[in-house]
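Peer 1: Below are the structure tokens for one structure; questions will follow.
The values are calculated or read from the model by the stated rules, or taken from the named source; none is laboratory data. Not measured: the values here are computed from a predicted model. Cβ: placed from backbone, ideal geometry, glycine included. Neighbour counts: every protein chain shown. Just so you know, the surface numbers come from the protein's heavy atoms only, side chains and all, with ligands and any DNA or RNA stripped out. Shrake-Rupley method; radii C 1.70, N 1.55, O 1.52, S 1.80 Å.
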Amino acid sequence: MTAPADNKPLLDVRGLTIEIDTRRGPAVIVDGINLTVGKGETVGVVGESGCGKSLTMLSLVRLLPNKIRVKSGTAEFAGRDLLKMSKSELRQVRGGKIGFVFQDPMTSLNPVMRIGDQLCEPLIYHRNMSKADARERAIELLRLVGIPGPEQRIEAYPHELSGGMRQRVMIAIGLACDPELLIADEPTTALDVTIQAQIVDLVKDLRKKLNMSVVWITHDLALIAGLVDRVAVLYAGTVVEDAPVNELFARPTHPYTRGLLASIPKLSDERASRLSSIGGTPPEPGRRPKGCPFAPRCALAESVCHERVPVLEPVAGSTGHRVACFVAQRQMMEAA
Amino acid sequence: MTITPVILSSTVADDEPPVSLWRDAWHRLLRNKLAVAGLAVVILLAFVAVFGPWLTPYDFLTQDLNARNQAPSLAHLFGTDDLGRDVFSRVVYGTRTAFVVAIVVTAIAVVIGVALGAMAGFFGGMFDRIVMWFTDMTMSVPNLLLVVVINASLKTPITAWMEARYQATLNPFYRETIWVDFLLVFGSMALISWPPYARLVRAQVLSIRGRPYVTAARALGLTNRLILMRYIVPNAIGPLIVSVSAGLGTAMVLESAFSFLGVGVNPPTPSWGNMISDGLRVWQHYPHLLAAPAAVLGLATVAFSFLGDGLNDALNPRGSK
Ligand SMILES: Nc1ncnc2c1ncn2[C@@H]1O[C@H](COP(=O)(O)OP(=O)(O)O)[C@@H](O)[C@H]1O
Ligand code: SF4
Ligand SMILES: [Mg+2]
């Protein structure tokens, strides 16, 4: 791990549980997530679409949609619980201390506002900058994220930019107030493959320059292998494995993680679907199995898996590697 | 890192040419012939409304009892009425009446409708329910009934009060009862005109407030007021412009209808409605007295409706393709 052990993490999420109101009553979507992000650390959060990645991140700044709410848990950011702080304190965190980059750059920018104005707004609001100062800083930010001709681009409307350019603008907005943490929610999913790599490189570069922590959400483990320090694998709203990135690639222990890694397409067969090697689908909210949430799809499932829920525990013989699986725990213990 | 040169070559190429949203919409509008025709008529009528009194050779009130009920001629383009007044001058002045009423009424209705609709959609909950209840109630009362009731209950007392003030002060201002007419027309028409705007804006806001750019704005910590004013209302404005354009036409028809029925602008102030009302009594003998105001009213309505449709297509490029 990058952060020294005695240092408190920047973000410390514990037992975060999110539920949704359905016609059949409340149903759990995110079930007791534990997640830490150290200062200057980059953490990848990986999981299939629908496993609760976006809701987890939105819940941190209390932006959950209607009918979805945090049921229990804490989320300490720089020592303060985000889930309990006052509205005005929260507004300082949003944009000021935690920056967001969303999935779809086509719809995440206000179509009727020049990008310069959208960049200036948080600066004027959070940093009390004058219009002229904010404008100068906006140009600087556009240059920082690699947009050519920022003096002209600042006058552009979102629809005048390509998808990759818009995502760069989104990143610039997320970075505007020098946040301590940047949360990027599948920022490249909507982009072409070549542009995806450019955006990853950009964030890799910026995170070092600005010394910030990053949470990068994705369903594409291969994309972020060279970017992140640590990976948390999410399945059906729980963290099933959490390890330094090299350790995870070298010794994936959870059956789901192994499936994810096995399904990474080789260079030769790019069209292979991502999760082809894991049959079945994740449980729907409200239809969670009694024991391990992965049990219905797991080739290694034993009777205990259907009875009890495995908890995230350190893997024998390695540091900073945790897994929530009865069988994997036993195997690693035997191997150690 | 050598990112920048890569971007320069790979992404600038697929950028669309820089054209602003509004200029884009303007170009699409100009390609629509009916809309352009509508716009031309609207501009012409607006010009007439503003400069009309300087364009006509006669005053709209001047009676020439030697030239009553004349057919259209070079001297009187639309003929004269039963008091020998020039119908063309009266239609021109009626245009001014129609525009003043339509613009004032629509402006009031839009301000009320946008404010209530935007807040109802954005905040939801109890406020939304109260506003919608108010809207539904206003819409369920027949327009005409409401206007007649307002006129009947307010006009007499106000006029009487003005007369009393005049007697007491001798200030000629209190003799100008035409303002009472206009105030009542403005007030009652605005009262029945705001609900559709409130509904439209509320529906727009409900759909816009869930869009990713609004979530993104919230994630930036911007205040509700800022989000409402800069992210939600401007994005709701396209359909509003369309509906305002159509609404101006509707307001003109409404004003004519009320004046026709005697609860709007009263003679001798010319209004297309009270001219149609007068013309209708003698149309078998002097059809021009009916035809002239009716034709102009029809023209105005059609023009606003074409313009509204054209704006709709121009402002919703995705919808029209
Ligand atoms: N606005 C919403 N209304 C109802 N259900 C939602 C909403 N947003 C997300 N969900 C449900 O919550 C689950 C997790 O969603 P999300 O966090 O968006 O997943 P991910 O980002 O991992 O793809 C999904 O099963 C989805 O169906
Ligand atoms: S606990 Fe059992 S069911 Fe769950 S992943 Fe491990 S082996 Fe499979
Ligand atoms: Mg998501």
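Peer 1: Counting partner chain Cβ atoms within 10 Å of every residue's Cβ in B:209-216, what's the average?
Peer 2: Numbers: counts 0, 2, 4, 8, 13, 2, 7, 14.
Mean shielding count: 6.
Peer 1: Can you list the residues of the stretch A:152-175 whose accessible area drops by at least 50 Å² going from the chain on its own to the full set of protein chains, with a 1.4 Å probe?
Peer 2: SASA drop of 50 Å² or more in the stretch A:152-175: A:His159, A:Glu160, A:Ser162.
Peer 1: Suppose every Lys and Arg Cβ carries +1 and every Asp and Glu Cβ carries -1, with no other charges. What dipole size does chain A come out with about its Cα centre, to the nearest 20 debye? Write down the numbers at each step before the final one.
Peer 2: Working: 42 positive and 38 negative charges, 143 e Å.
Roughly 680 debye for chain A.
Peer 1: Show that you can apply the helix-only estimate: for chain A, add -39,500 (n - 2.57) for every DSSP H stretch of four or more residues, divide by all residues, and state [θ] at 222 nm to the nearest 500.
Peer 2: Numbers: 12 runs with 110 residues, N = 336.
Calculated at 222 nm, the ellipticity per residue is -9500 deg cm²/dmol.
Peer 1: On to the next question. Send over a whole-number figure in Å² for the accessible area per residue of chain A, probe 1.4 Å. Numbers along the way, then the final one.
Peer 2: Details: 14510 Å² over 336 residues.
Accessible area per residue, chain A: 43 Å².
Peer 1: Would you calculate the volume per residue, in Å³, of the smallest convex hull containing every Cα atom of the stretch A:76-196? Could the numbers behind the result be given before it?
Peer 2: Numbers: hull volume 13.2 nm³, N = 121.
That works out to 109 Å³ per residue.
Peer 1: Averaging sequence separations of C-alpha pairs under 8 Å and six or more residues apart, then dividing by the length of chain A, give the relative contact order as a whole percent. Don't skip to the end; give the middle numbers.
Peer 2: On the way: 622 pairs, mean separation 63.0, N = 336.
Answer for chain A is 19 percent.
Peer 1: Count charges around A:Pro26 for me, please; just the other residues with Cβ under 13 Å from its Cβ, Lys/Arg as +1, Asp/Glu as -1.
Peer 2: Working: positive: A:Arg23, A:Arg24, A:Lys67, A:Arg69, A:Lys71, A:Arg288; negative: A:Glu19, A:Asp21, A:Asp31.
Once all neighbours under 13 Å are counted, the net charge is +3.
Peer 1: Using alpha carbons only, what's the Rg to Rh ratio of the stretch A:1-139 with Rh from Kirkwood? Please list the in-between numbers first.
Peer 2: Details: Rg = 17.3 Å, Rh = 17.2 Å.
With Rg and the Kirkwood Rh in hand, the quotient comes to 1.01.
Peer 1: I want the local charge near A:Thr17. Using Cβ-Cβ distances under 14 Å, sum +1 for each Lys or Arg and -1 for each Asp or Glu among the other residues. The partial results should precede the final answer.
Peer 2: Details: positive: A:Arg14, A:Arg69, A:Lys71, A:Arg288; negative: A:Glu19, A:Asp31.
Charge balance in the 14 Å sphere: +2.
Peer 1: What FRET efficiency comes out for the pair A:Glu302/A:Asp205, r = Cβ-Cβ distance, R0 = 45 Å, nearest 0.05? Please list the in-between numbers first.
Peer 2: Details: r = 46 Å, r/R0 = 1.02.
For A:Glu302 and A:Asp205, the calculated efficiency is 0.45.
Peer 1: Could you work out the pair-distance distribution P(r) of the protein assembly as shown from its alpha-carbon pairs, with 20 angstrom bin width and percents rounded to whole numbers?
Peer 2: For the protein assembly as shown, the pair-distance distribution reads 15, 36, 25, 16, 6, 1, 0.
Peer 1: Could you report the accessible area of B:Met139 in Å², rounded to 10, computed with a 1.4 Å probe on the protein chains as they sit in the structure?
Peer 2: 80 Å²
Peer 1: Considering Cα pairs under 8 angstrom that are at least six residues apart, work out the relative contact order of the stretch B:167-318 and quote it in whole percent. Can you show the working numbers first?
Peer 2: Details: 123 pairs, mean separation 35.2, N = 152.
Relative contact order, the stretch B:167-318: 23 percent.
Peer 1: Still on this structure, I have one more. So if the hydrodynamic radius of the stretch B:139-216 is defined as the Kirkwood radius over C-alpha pairs, what does Stokes-Einstein give as its diffusion coefficient at 37 °C and 0.692 mPa s, in µm² per second? Intermediate values should be presented prior to the final figure.
Peer 2: Numbers: Rh = 15.6 Å.
The Stokes-Einstein estimate is 210 µm²/s.
Peer 1: Dividing the Cα radius of gyration by the Kirkwood radius, what Rg/Rh value follows for the stretch B:242-321?
Peer 2: Rg divided by Rh gives 1.15.
Peer 1: Shifting gears a bit: Quick one: accessible surface of A:Lys87, probe radius 1.4 Å, all protein chains present, in square angstrom to the nearest 10.
Peer 2: 150 Å²
Peer 1: Alpha carbons only, please: Rg and Dmax for the stretch A:273-336, in angstrom.
Peer 2: Gyration radius and largest Cα-Cα distance of the stretch A:273-336: 13.2, 38 Å.
Peer 1: Here is a further query. Per DSSP H run of at least 4 residues, take -39500 (n - 2.57); add these up for chain B, divide by its residues and hand me the 222 nm value, nearest 500 deg cm²/dmol.
Peer 2: Details: 13 runs with 235 residues, N = 321.
Only helices count here, giving -25000 deg cm²/dmol.
Peer 1: Buried accessible area for the B:A pair, summed, 1.4 Å probe, in Å² rounded to 100?
Peer 2: Details: alone 17950 and 15990 Å², together 30860 Å².
Roughly 3100 Å².
Peer 1: At a 1.4 Å probe radius, carbon and sulfur cover how many percent of the accessible area of the stretch B:202-321? Show your work: numbers first, answer last.
Peer 2: Details: 3160 of 5050 Å².
Looking at the stretch B:202-321 in its full context, I get 63 percent from C and S.
Peer 1: With both partners inside chain A, how many of the DSSP beta bridges are antiparallel, as a percent to the nearest 5?
Peer 2: On the way: 29 of 48 bridges.
Looking only at bridges with both residues in chain A, the antiparallel portion is about 60 percent.
Peer 1: What is the Cα radius of gyration of the stretch B:180-321 over 2.2 N^0.38 Å, N being its residue count?
Peer 2: In units of the 2.2 N^0.38 Å rule of thumb, it is 1.43.
Peer 1: Just need the Rg to Rh number for chain B, please, alpha carbons only, Kirkwood Rh. Display every interim value, and only then the final one.
Peer 2: Details: Rg = 24.8 Å, Rh = 22.7 Å.
Value, to two decimals: 1.09.
Peer 1: Can I ask one more? Any idea what diffusion coefficient chain A gets from Stokes-Einstein, in µm²/s, Kirkwood Rh on alpha carbon pairs, 10 °C, 1.306 mPa s?
Peer 2: 76 µm²/s
Peer 1: Something else: Which ³J(HN,Hα) values in Hz, rounded to whole numbers, follow from the phi angles of the stretch B:254-268 under the Karplus curve 6.51 cos²θ - 1.76 cosθ + 1.60, where θ = phi - 60° and Gly and Pro get x?
Peer 2: 4, 4, 4, 4, 5, 5, 4, 8, x, 10, x, 7, 9, x, x
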